[in-house]
Amino acid sequence: MELHAAQFPFLSTILIICTAGLLVILGIPGKYQTAVKWISAVCSGLTLILSLFVFAGYDKMTGGVQFVESIDWVPMLGITYLNGVDGFSVPMILLTGIVFFTGVLTMWELTVRVKEFFALYILLVTGVFGMFMALDMFFLFIWYDVSLFPMYLLILIWGSTKREYGALKLTLYLLAGSALILPAMLYLVQVSGQGSFSLPVLVKFAAFTPFQQKLAFLMLYIGFGILAGVWPFHTWSPVGHVAAPTSVSMLHAGVLMKIGAFGIIRIGIFLCPEGWAFWSPLMAALAVVGIVYGALAGLRQTDLKFVIGYSSVSHMGIVGLGLATLSVEGLNGAVFQMFAHGIMTALLFSSVGYIYDRTHTKEISELGGLAHTMPMASGYFIVAALAGIGVPCLASFWAELMVFMAAFRVYPILAVMAVSALIISAVFILRVVEKTFFGPERQKYRNLPDVSFVLGIPRMILVTVIIIFGLMPFLMVETIQTASSILISGNP
């Protein structure tokens, strides 16, 4: 990893802003709900601005790891506070900033325990930001756990359908993943002989045997793969999506699942390339099973959130398939898919949340004709649905195209199965759109209010992002390729 020091600690500033926002909210009496919301909005808005700056300021010609910040933390244990971003993490920082800001605005109408909700929400996002910028495995694991623990309370207190079951199942599964990730990290540090948790040090100086790489990569793949929704460890995901409140579902599906895939890349692939190559056929097989399973399971769902939940399992399978191709094109598509799916899913859950708040149902059979009553709310969902099925000129199209082009060269039979499943899923999603938003207008929904301008702002932001990166995919692909080309060449 070629490191380029930061002239100003932009990455740490993001963490400081989140921490400051959290502390201010904790110090405000709970009765000042509007103040809590405005502080959360300012906090998330500032992190979005900095995320945009980091994305735009990343030098594609220079490449490598940029905006690097380093402080010796516990030298005797080889622990360093080391932050930096490369072509893989820059898109994830931007994704987190966008979903954080739009998620806060989406929950503007919240009236129940507002202070506690936004405090936990900001704590969760702080962990996510830290995870994407950490270059020391100790801090990476700490931030990983910080991003997971608030989910239990956010779902348990503010959730809906089977919230107790969903919160507990999610927590148990993700703790099981942590139980594999930590030993794998400690194992790599121990056998490296470097006495350091620093990823740049381990990448440059450690020489792991093929057996060590195969063992560690498998543990990391399963551990992080649980959060990434890898089949058959995905079962917590649809339940968690459905139980979570709107903005938590946005963050859950839009960003948290990407942490799992990112962990596989950042530690598993960078430190264990031979293990990655050895297990890649298994990765491809599980990814395609996940794509097919998610598509077929989605066909049987009658709840809009369950439809999106199983769709997420299927789309995250595309990420896994891209990683399994061991190619620049596959990696480009996988990371682009992580970003595009994050934005698209955030828009889907944001739209469904508004519809549920007005109609008090997510059952497809009880909806219908909503485009007559709520054309804007319907339009946001439809745009996200079109992005989800890979319509050209929307962001997901390019990501899926690159993954499948790479997959057809390496795993042609699996690629055919995956594409076939997605075609079936696309037909079903269009049927869901038809049954929910078109057809005769229902009398009981005739006087429902459409999305106001203020509540439409977060949805409009997400739609804009989907269109911008759909029309100009090079903005994302060129950034990602600065990391993928070096990784595949064998000189990370």
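How high is the relative contact order of the chain, given as a whole-number percent (alpha carbon pairs under 8 Å, six or more residues apart)? Present the calculation step by step, with values, prior to reporting the outcome.
Working: 907 pairs, mean separation 76.5, N = 492.
Contact order relative to length: 16 percent.
If the chain between residue 302 and residue 431 were fully stretched, how many nm would it gain, using 0.36 nm times the residue separation less the Cα-Cα distance? Display every interim value, and only then the final one.
Numbers: separation 129, 0.36 × 129 = 46.44 nm, distance 1.17 nm.
Result for the pair: 45.3 nm of gain on full extension.
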Nearest-ten-degree value, helix 33-57 long axis tilted from longest Cα axis of the chain: 50
In the stretch 143-186, the trypsin sites (Lys or Arg not before Pro) that fall in loop regions by DSSP, at most 16 other Cβ within 10 Å: 162
Sequence-separation-based contact order of the stretch 159-220, relative, with Cα cut under 8 Å and 6+ spacing, percent: 34
C-alpha center-to-center spacing [the stretch 105-156, the stretch 428-492] in angstrom: 23
Cα long-axis angle, helix 474-489 against the chain (0 to 90 degrees, to the nearest 10): 30
Inter-probe distance in nm under a simple model that places probes 7 Å from Cα toward Cβ, at residue 278 and residue 111: 5.9
Spin-label pair residue 419/residue 60, simplified geometry with 7 Å Cα→Cβ offset, distance in nm: 2.7
Qualifying lysines (Cα of each under 26 Å from Cα of residue 435; at least 8 residues distant if same chain): 162, 305, 362, 444
Rg and Dmax [Cα atoms of the stretch 399-456; Å; Rg one decimal, Dmax integer]: 19.1, 54
Within the accessible area of the stretch 221-341 (1.4 Å probe), percent carbon and sulfur: 72
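When only C-alpha pairs under 8 Å and at least 6 residues apart count, what is the relative contact order of the stretch 50-112, in percent?
Numbers: 48 pairs, mean separation 20.0, N = 63.
Dividing the mean separation by the residue count of the stretch 50-112 yields 32 percent.
Do the sum for the chain: with -39,500 (n - 2.57) for every DSSP H run of n ≥ 4, divided by all residues, what is the mean residue ellipticity at 222 nm, to the nearest 500 deg cm²/dmol?
On the way: 20 runs with 354 residues, N = 492.
Calculated at 222 nm, the ellipticity per residue is -24500 deg cm²/dmol.
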Residue 417 accessible area, assembled protein chains, probe 1.4 Å, Å²: 90
Inter-part distance where the stretch 82-103 and the stretch 247-281 are each reduced to a Cα centre, Å: 15
Residue 453 paired with residue 175, simple spin-label distance in nm, labels 7 Å along Cα-to-beta-carbon: 4.9
Evaluated over the chain, the Cα radius of gyration and Dmax, each in Å: 21.3, 71
The stretch 1-108: trypsin sites (Lys or Arg not before Pro) falling in loop per DSSP and having at most 14 other Cβ within 10 Å: 31, 60
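For residue 145 and residue 489, calculate 0.36 nm times their separation in residues minus their Cα-Cα distance, and state this gained length in nm to one decimal.
Details: separation 344, 0.36 × 344 = 123.84 nm, distance 3.22 nm.
Taking 0.36 nm per residue and subtracting the Cα distance, the gain is 120.6 nm.
Using the Cα gyration tensor of the stretch 446-492, with a ≥ b ≥ c the square roots of its eigenvalues, what is the shape: rounded (a/c below 1.5), prolate (a/b larger than b/c) or oblate (neither)?
Working: a/c = 5.25, a/b = 4.06, b/c = 1.29.
Judged from the Cα gyration tensor, the stretch 446-492 comes out prolate (a/c at least 1.5, a/b above b/c).
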Rg to Rh quotient for the stretch 1-148, alpha carbon positions, Kirkwood Rh: 1.01
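Send over the semi-axes of the stretch 181-312's equivalent ellipsoid, whole angstrom and largest first, taken as the square roots of 5 times the C-alpha gyration tensor eigenvalues. Walk me through the intermediate numbers first.
Details: eigenvalues 217, 52, 17 Å².
That gives 33, 16, 9 Å for the three semi-axes.
Using the heavy atoms of the protein chains and a 1.4 angstrom probe, tell me the accessible area per residue for the stretch 229-327 in square angstrom.
Details: 1990 Å² over 99 residues.
Here the per-residue accessible area is 20 Å².
In the calculated pair distance distribution of the stretch 286-374, what percentage of Cα-Cα distances lie above 20 Å?
Working: 1742 of 3916 pairs.
Tail fraction, whole percent: 44.
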Extension gain (nm, one decimal) between residue 474 and residue 161, 0.36 nm per residue minus Cα-Cα: 108.6 nm
Stokes-Einstein D in µm²/s, Kirkwood radius over Cα pairs - the stretch 197-248 at 25 °C with 0.890 mPa s viscosity: 180
Where chymotrypsin sites (Phe, Trp or Tyr not before Pro) fall in DSSP loop in the stretch 389-492, at most 16 other Cβ within 10 Å: 438
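Based only on the alpha carbon positions, what is the Kirkwood hydrodynamic radius of the stretch 101-247, in angstrom? Intermediate results must be reported in sequence, preceding the final value.
On the way: mean 1/r = 0.0598 Å⁻¹.
One decimal place: 16.7 Å for the Kirkwood radius.
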Cα-Cα pairs of the stretch 331-433 separated by more than 18 Å (percent): 54
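The values are calculated or read from the model by the stated rules, or taken from the named source; none is laboratory data. In this text the structure is predicted, and so the values were computed from the model without any measurement. When we count neighbours, we look across all protein chains shown, and the Cβ atoms used for this are built from the backbone with ideal geometry, even at glycine. With ligands, DNA and RNA removed, areas are computed over all heavy atoms of the protein, side chains included. Shrake-Rupley method; radii C 1.70, N 1.55, O 1.52, S 1.80 Å.
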